[in-house]
Structures are given as C-alpha cells and as structure tokens.
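Everything below concerns the one structure shown next.
Computed from the coordinates by the stated procedures, all read-outs in this text should not be read as laboratory data. Computed from a predicted structure; not experimentally measured. Positions of Cβ are generated from backbone atoms using ideal geometry, with glycine treated the same way; all protein chains shown enter the neighbour counts.
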Amino acid sequence: MSPRRRLLLVEDDSILRAHLAELLMLEGYDVSCAADGAEALSRLLHDAPFSVIVLDLELPRIDGFCFRTVQLQSPTLREIPTIAFTSVRDPAKLPRFDFHAVIPKGTAFEPLMATLAAICPPSSVAPARP
C-alpha cells in the first residue's frame, strides 16, 4: 500500500471546501483544510509536511496572493507544488506567483483531479467510509 498523499486545501467557502475535501479524500488524498491564508500558513508550520496545496486566491484575512508571497520566500515551503483554484478574472496577475497550475472555479473538477494526479498521485486505497 502506498502512503497517503497530504494535501492542503485553502478555500473560504465552507460548502465548497467540505464537498471538495470529501471528493479528494474519496480519491485517496489525506486532506487538511484552511479557511484563509493565515490558517494555511499555521498548518504549514505546525502540521506534517504536505505534498501539494490547492489555493483559492480570494480569501479573508490573508489572501492567496499574500500567502503565496510568504510561501515563495521560504526555502522549505516554496518547494510544495501549489495549484491556484480560483475565480480571479485577471490571469495576467498570476504568472509572477509561479503556480504549478491555475484551475478556474466553476468548471468541472476533472481538470483539478488530473492536475493533482500528475503532481502527486493519490494512494491506491481510499479511506474506509464510516
């Protein structure tokens, strides 16, 4: 059995966060969630290492752009592949943040799942349902 891949999901919409986390867990990822950039930074500093980050950019307190700026300044944290999962309408702002991929919200989840599978394939064993 392969180890479960740890994923940090940063999304302020609680309904979308819960649904996406459940979908990702069913796909074999070990998912931790954060509602904003401040909580995400705390998780990165205090939790076990993550394999990938899925990051909304429009967040309260610390938004995704500020989060990514801090992440890129850390030699350890900048190595974590980060996917922007966003409704930002100005893609010209995004290249300087060196995202692994930019997936627009409002589309099917298949592009996100395919991108995640290419970066860090999920474990072959999904968690047991309660």
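How big is D for segment 1-78, in µm² s⁻¹ as a whole number, if Stokes-Einstein is applied with the Kirkwood radius of its Cα pairs at 10 °C and 1.306 mPa s?
Value of D from the Cα-based Kirkwood radius: 125 µm²/s.
Only helical runs count toward this figure. For the chain, summing -39,500 (n - 2.57) over DSSP H runs of n ≥ 4 and dividing by all residues gives -10000 deg cm²/dmol at 222 nm. Cα convex hull, the chain: 110 Å³ per residue, rounded to a whole number.
Normalised by the number of residues in segment 5-119, the average gap of Cα pairs under 8 Å and 6 or more apart makes the relative contact order 22 percent.
Dipole size of the chain about its Cα centre, with +1 on Lys/Arg Cβ and -1 on Asp/Glu Cβ: approximately 240 debye, rounded to the nearest 20. Ordering Ser42, Ser32 from the fewest to the most neighbouring beta carbons within 10 Å gives Ser42, Ser32. The longest stretch of the chain left intact once loop-based trypsin sites (Lys or Arg not before Pro) with at most 16 other Cβ atoms within 10 Å are removed from consideration, loops following DSSP, is 1-60.
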